[in-house]
Every structure is written in structure tokens, then in C-alpha cells.
1. Among 91, 69, 58, 15, which is the only one that is within 14 Å of the ligand (Cβ to nearest atom) and surrounded by fewer than 19 Cβ atoms within 10 Å (Cβ to Cβ)?
2. Name the one entry in 99, 31, 6 that is outside any loop (DSSP other than H, G, I, E, B), at pLDDT 95 or above and within 16 Å of the ligand (Cβ to nearest atom).
3. From the set of residues in the stretch 192-230 that are among the acidic types (Asp, Glu) and buried (at least 16 other Cβ atoms within 10 Å of the Cβ), which is nearest to residue 245 (Cα to Cα)?
4. Identify all residues within the stretch 168-192 that are more than 16 Å from the ligand (Cβ to nearest atom) and either of a type in the set (Ser, Thr, Tyr) or on the phi > 0 side of the Ramachandran plot (or both); write none if there are none.
5. If you check 129, 75, which single one turns out to be closer than 16 Å to residue 183 by Cβ and open to solvent by 30 Å² or more (accessible area, probe 1.4 Å)?
6. Can you tell me which residues in the stretch 226-277 are within 20 Å of residue 84 (Cα to Cα), of a type in the set (A, V, I, L, M, F, W, C) and outside any loop (DSSP other than H, G, I, E, B)?
7. Before we move on, is residue 22 over 18 Å from residue 112 (Cα atoms), among the charged types (D, E, K, R) and within 16 Å of the ligand (Cβ to nearest atom)?
8. When you check residue 111 against the structure, is it among the β-branched types (Val, Ile, Thr), open to solvent by 40 Å² or more (accessible area, probe 1.4 Å), free of Cβ contacts under 8 Å to residues at least 60 places away in the same chain and outside any helix (DSSP H, G or I), yes or no?
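The values are calculated or read from the model by the stated rules, or taken from the named source; none is laboratory data. Everything numeric here is computed off the predicted structure, so don't read it as measured data. All Cβ positions, glycine included, derive from the backbone under ideal geometry; neighbour counts span all protein chains shown. Calculation scope for accessible area: heavy atoms of the full protein, side chains included, ligands and nucleic acids excluded. Shrake-Rupley method; radii C 1.70, N 1.55, O 1.52, S 1.80 Å.
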Amino acid sequence: MKIIDAHIHYAGHEGFNQTARESGQINTAAAVAENFRRNGVVAAVAMGTGRSDGRPDGLCEPMRPDLAGPVTEESCALPRNIAYCAGVDSGAITPENTAKSLELFERYLKTPQCVGLKFYPGYHHIYMSDKRHFPFFELAAAYGVPVVIHTGDTAGTRGHVKYSHPLTIDEIAVDFPQTHFVLAHYGNPWIVDATEVAAKNENVSIDLSGLAAGKIESETFLAQYRGYLEYLKTWMAYLGDWSRFLYGSDYPLVNIDEYIKVIRALIPEEHQEAVFYSNALRTFGKLARLPQPGEEEK
Ligand SMILES: [Zn+2]
């Protein structure tokens with residue numbers, strides 16, 4: 001099965017290296033490439049990570065993946081089948097720097113591998129409905145790229161989860177109908193709320209990343225969390241629109257080999273191609289223009 005992983009982290013710092021070791025993986029560009037080959041992952045979308053504070057010109061700088069080397073507006077060190085969402089550091093946006101920060105994001109969005117924006121409510125103690133974000137939603141709509149939003153539980157204890165509750169996305173989905181929003185992690189554990197936001201708003205999709213963490217073994221996981229997985233299946237069927245779900249792993253947080261098996265167990269056979277591949281291609285439209293490994297750049 002050909003797979004697009006719509007949510008990975010591709011960052012070279014020690015925290016991610018350690019997370020990869022905990023999930024039984026090696027966080028190097030070569031090991032990730034081999035991992036993808038083994039699992040039929042033909043492309044992935046990496047979420048920008050890091051912090052933009054401290055930029056000398058005081059702008060809100062796009063957060064980018066950096067495992068294969070620096071990504072700049074002029075050059076991209078990523079493998080060609082790994083695209084990314086430029087991370088927005090909500091706390092670094094000010095009324096004074098908004099216009100210039102938007103110009104900076106726009107320069108990245110003009111490059112082939114920047115396929116969306118990523119926000120981190122919860123980690124940042126700022127609601128998505130804060131008006132500082134509005135011009136970024138408009139920018140995403142203008143470039144036809146989605147806005148991916150961390151929703152649900154946060155890693156570590158510093159997050160404030162009221163900001164990452166999926167219900168908070170309803171109002172921006174209504175007010176920005178031209179912008180496509182992706183609820184990362186299905187708002188877990190607020191699955192019902194995330195389902196309602198997607199059911200009500202056609203411009204909302206859900207990514208299935210991060211629903212398990214660590215070095216899992218799929219059969220054990222499926223048995224141990226049977227109730228939880230049945231609950232997920234119930235609400236996915238309730239939404240009933242399989243075009244809205246995207247497979248993502250949240251690598252390096254979970255071992256990709258086994259996570260694919262867990263998510264596959266949740267999706268009816270006839271919708272697996274959509275959830276594991278074509279929905280991501282449609283949602284991240286720019287992915288279609290990225291060359292596949294081995295292909296020449298067009
Ligand atoms: Zn993530």
C-alpha cells in the first residue's frame with residue numbers, strides 16, 4: 001500500500017533523537033528514508049518545530065524541519081519526498097511585526113516543499129481564535145494550503161489544554177470558509193468534539209497521528225486499548241465522510257511499522273487508499289507537484 005504520512009516531525013535535536021530511541025527508531029535522515037521504504041511511505045509532511053524568538057529583526061519566523069540540514073527560503077535540504085508545514089510561533093506575532101512576518105511566511109510558501117502552516121495552541125497559551133492569527137489564515141487560503149492545528153492533549157505538563165480543545169476551532173472554521181483546517185491528533189481525547197467540528201464544517205479535516213506513542217506492538221495495543229479503538233471507530237463512522245481523515249504517525253513519537261497496522265485496523269478496507277494516500281494528496285495540494293523518489297524534478 002502506497003502511503004503518505006501527513007504528520008511527522010523531522011528535527012535533528014536531541015529531544016527528538018531521544019524520543020526516536022524510546023519508540024525503537026533511529027532519528028537520522030538515512031534511517032527515516034529506510035523506515036519509509038520498508039513501510040511504503042512515499043511522501044510525508046513534516047511539521048515545523050523549534051522556536052522563533054530571538055530572531056534579530058524581531059519577526060515571527062517560520063519554524064522548519066531541520067533533520068537533513070537547514071531549510072531556508074532559498075534552499076531546502078529536505079529529501080524531495082518530504083514536504084513541510086511552516087510552524088507559526090503565536091507568541092512571537094505582534095501588531096508591529098505582523099505585516100513583515102507575513103511576507104517572510106509568504107516567501108517560504110512560494111517554495112515547492114512548504115505545503116501548509118502549523119499552529120501549536122496548548123503549547124502556546126493563545127486561542128486559535130485570537131485575531132493575531134487571522135492574516136495567517138488568509139495567507140494560507142491565498143496559497144491554497146491548509147492550516148494544521150495541534151489539538152487535544154499536549155506532550156509534557158507545560159501546555160494549557162483549554163487552548164488546544166478541538167471545539168475552539170469551530171469559530172475560525174466558520175469565519176474563514178476559504179481556509180482549510182486540519183485537526184491534528186483528532187483532538188484526542190476530545191474525539192466527539194473534533195467529530196462535531198468536522199461534521200459541521202466542510203473545510204475541516206482530521207489527522208490520525210499521535211493516537212499511540214512509544215514502541216508499540218500493534219496486536220498488543222489493539223487488544224489492550226480495544227474500548228478506545230472501538231470508540232474511535234464509532235465516531236469515525238458517525239462522521240461517515242472518509243475523505244476527511246488523513247493518516248499521520250507523529251514520527252518519531254511512535255514506531256511507524258506498528259502504527260500503520262493500528263490505524264489500518266480502524267479504517268474500512270474500501271476507504272484505506274483514501275485515508276492513507278489520496279486524502280493527503282488533495283488536502284496538501286502542493287504534494288502532487290513534488291517529484292517521487294527516483295523521478296526527475298519537473
Ligand atoms: Zn506532531
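1. Details: 91 fails: within 14 Å of the ligand (Cβ to nearest atom); 69 fails: within 14 Å of the ligand (Cβ to nearest atom); 58 fails: within 14 Å of the ligand (Cβ to nearest atom).
The unique qualifying residue is 15.
2. On the way: 99 fails: within 16 Å of the ligand (Cβ to nearest atom); 31 fails: within 16 Å of the ligand (Cβ to nearest atom).
On inspection, the qualifying residue turns out to be 6.
3. Filtering first and then ranking leaves 207.
4. The answer is 168, 179.
5. None of the others qualify; the one that does is 129.
6. 245, 246, 254, 256, 275, 276, listed by residue number.
7. Details: over 18 Å from residue 112 (Cα atoms): yes; among the charged types (D, E, K, R): yes; within 16 Å of the ligand (Cβ to nearest atom): yes.
When the stated conditions are applied, residue 22 passes them.
8. Details: among the β-branched types (Val, Ile, Thr): yes; open to solvent by 40 Å² or more (accessible area, probe 1.4 Å): no; free of Cβ contacts under 8 Å to residues at least 60 places away in the same chain: yes; outside any helix (DSSP H, G or I): yes.
So residue 111 fails the test.
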